[in-house]
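**Student:** Before I ask anything, here is the structure I am working with.
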Amino acid sequence: MNVLILAAGYATRLYPLTLNKAKPLLVVGGKPIMEWLVDNLGGIPNLETIYVVTNDKFVTGFREWSETYQKRHPEFKFKVVNDGSTSDDDKLGGIGDINFVVTHENLSESSLLIAAGDNLFTDSLADFVAYARGTEVTVAVYDVGDTEAIKKYGNVVVDAEGVITLFEEKPQKPQGTLAAIALYYYSPPILSLLTTYLAAGNNADQPGRFVQWLYTRKPIKTFQIKGKWLDIGSKETLENADRILAAPR
């Protein structure tokens, strides 16, 4: 299984913090956001390569970070991929970037764990991976516990088997408080559907849009994430995450 970290955004809402540094490399709770993610991959068996897809503006920063991190953690192998974009105007979008890396790095024959580089987890992702490996496709879910907060995310309803029965991106009238988050396990048959999705002219930006399209075509399993999940999308959420993670736990 390979890993793909999505880190090609420009995070304009966080300017000036992200003018010269990618959002996943901003320090929260004493270490870069992306380091929280990668640390929680430790101990997962049979991981091959961790691909980091980024843009032309931030590629050097990610290469420097990955080289430094790998010296401390030689069990991980990284490859930073430049998607060629230079600004918010010509970016490929999250789904476009997944397809770009799968195609250019020939990853379609292996399963792929995909995570957004600005999603911060406090607990190991080993249980998610162990469960997902027995499925064709699994999406991580998290109970945000608030009917207002869920309006910012992809809202899902699941059946007794944990299969998605309803998915709505940024709902005005939420069905519960369960959010589908940007942590996905896709087997080769699912990866092959990315080109079908994009060829039909569907939204290439938000990764959740692919899940919204897919759940009516394939049974999508879910796995509820333990620990804290922090989505860094604004200065307020960045500062809040720093407060939470800097506190003794």
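**Student:** What are the residues in region 206-230 that are crowded, with 19+ Cβ neighbours inside 10 Å, within 14 Å of the chain's Cα centre (by Cα) and in contact (Cβ under 8 Å) with a residue 60 or more places away in the chain, if any?
**Tutor:** Those that are crowded, with 19+ Cβ neighbours inside 10 Å, within 14 Å of the chain's Cα centre (by Cα) and in contact (Cβ under 8 Å) with a residue 60 or more places away in the chain: Pro207, Arg209, Phe210, Val211, Ile225, Trp229, Leu230.
So that you can scan it fast, the table gives a plain yes or no per residue for (1) open to solvent by 40 Å² or more (accessible area, probe 1.4 Å); (2) in contact (Cβ under 8 Å) with a residue 40 or more places away in the chain; (3) within 22 Å of Leu37 (Cα to Cα):
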residue: Trp65; (1), (2), (3): no, yes, yes
residue: Lys71; (1), (2), (3): yes, no, yes
residue: Pro74; (1), (2), (3): yes, no, yes
residue: Val80; (1), (2), (3): no, no, yes
residue: Asp83; (1), (2), (3): no, yes, yes
residue: Ile95; (1), (2), (3): no, yes, yes
residue: Ile98; (1), (2), (3): no, yes, yes
residue: Leu107; (1), (2), (3): no, yes, yes
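**Student:** Same structure, new question: Go through region 109-124 and report how many residues are buried (at least 19 other Cβ atoms within 10 Å of the Cβ) and over 22 Å from Leu194 (Cβ atoms).
**Tutor:** 2
**Student:** Is at least one residue of region 123-134 of a type in the set (D, E, K, R) and under 16 Å from Gln224 (Cβ atoms)?
**Tutor:** Yes: region 123-134 contains one or more residues that are of a type in the set (D, E, K, R) and under 16 Å from Gln224 (Cβ atoms).
**Student:** Here is a further query. Where residues in region 98-119 are part of a loop (DSSP other than H, G, I, E, B) and touching a Gly at 6+ places or on another chain (Cβ under 9 Å), which of them is modelled with the highest pLDDT?
**Tutor:** Residue satisfying both the conditions and the ranking: Gly117.
**Student:** List the pairs whose first member sits in region 12-26 and is touching a residue at least 40 places away in the same chain (Cβ under 8 Å) and over 11 Å from Thr60 (Cβ atoms), whose second member is hydrophobic (A, V, I, L, M, F, W, C) and open to solvent by 80 Å² or more (accessible area, probe 1.4 Å), and whose Cβ atoms are under 7 Å apart, counting only residues at least 6 apart or on separate chains?
**Tutor:** Correct list of pairs: Leu26/Leu17.
**Student:** Hey, another quick one. Looking at region 25-58, which of its residues are among the aliphatic types (A, V, I, L, M), open to solvent by 10 Å² or more (accessible area, probe 1.4 Å) and assigned to a helix (DSSP H, G or I)?
**Tutor:** Leu25
**Student:** Restrict the check to region 144-167 and report whether at least one residue is touching a Leu at 6+ places or on another chain (Cβ under 6 Å) and buried (at least 17 other Cβ atoms within 10 Å of the Cβ).
**Tutor:** yes
**Student:** Find the residue count for region 153-175, including only residues that are at pLDDT 95 or above, touching a strand residue (DSSP E or B) at 6+ places or on another chain (Cβ under 7 Å) and among the small types (Gly, Ala, Ser).
**Tutor:** 1
**Student:** While we're on this one: Would you mind finding the one in Ala22, Ala11, Ala7 that is within 20 Å of Pro207 (Cβ to Cβ) and either acidic (Asp, Glu) or open to solvent by 20 Å² or more (accessible area, probe 1.4 Å) (or both)?
**Tutor:** Ala11
**Student:** Can you go through Ala132, Ala149, Ala160, Ala140 and tell me which one is among the aliphatic types (A, V, I, L, M), within 20 Å of Leu214 (Cα to Cα) and free of Cβ contacts under 8 Å to residues at least 60 places away in the same chain?
**Tutor:** Being among the aliphatic types (A, V, I, L, M), within 20 Å of Leu214 (Cα to Cα) and free of Cβ contacts under 8 Å to residues at least 60 places away in the same chain holds for just one of Ala132, Ala149, Ala160, Ala140, which is Ala160.
**Student:** While we're looking at this one, here's another question. Look at region 70-97 and say how many of its residues are in contact with a Phe, Trp or Tyr (Cβ under 9 Å, 6 or more places away or on another chain), modelled with pLDDT of 95 or more and either among the small types (Gly, Ala, Ser) or over 26 Å from Tyr15 (Cβ atoms) (or both).
**Tutor:** So the count comes out to 7.
**Student:** Assigned to a loop (DSSP other than H, G, I, E, B) and of a type in the set (A, V, I, L, M, F, W, C), is that true of Leu4? Talk me through it step by step, then tell me what you get.
**Tutor:** Values: assigned to a loop (DSSP other than H, G, I, E, B): no; of a type in the set (A, V, I, L, M, F, W, C): yes.
Spelling it out, it is not the case that Leu4 is assigned to a loop (DSSP other than H, G, I, E, B) and of a type in the set (A, V, I, L, M, F, W, C).
**Student:** Pick from region 240-249 the residues that are open to solvent by 50 Å² or more (accessible area, probe 1.4 Å) and in a loop (DSSP other than H, G, I, E, B): which of them is nearest to Glu161 (Cα to Cα)?
**Tutor:** Here the residue is Arg249.
The values are calculated or read from the model by the stated rules, or taken from the named source; none is laboratory data. Only a predicted model underlies this, so the values are computations on that prediction, with no experimental measurement involved. Positions of Cβ are backbone-derived with ideal geometry, glycine not excepted, and every protein chain shown enters the neighbour counts. Protein only, heavy atoms only, side chains kept; ligands, DNA and RNA dropped before computing areas. Shrake-Rupley method; radii C 1.70, N 1.55, O 1.52, S 1.80 Å.
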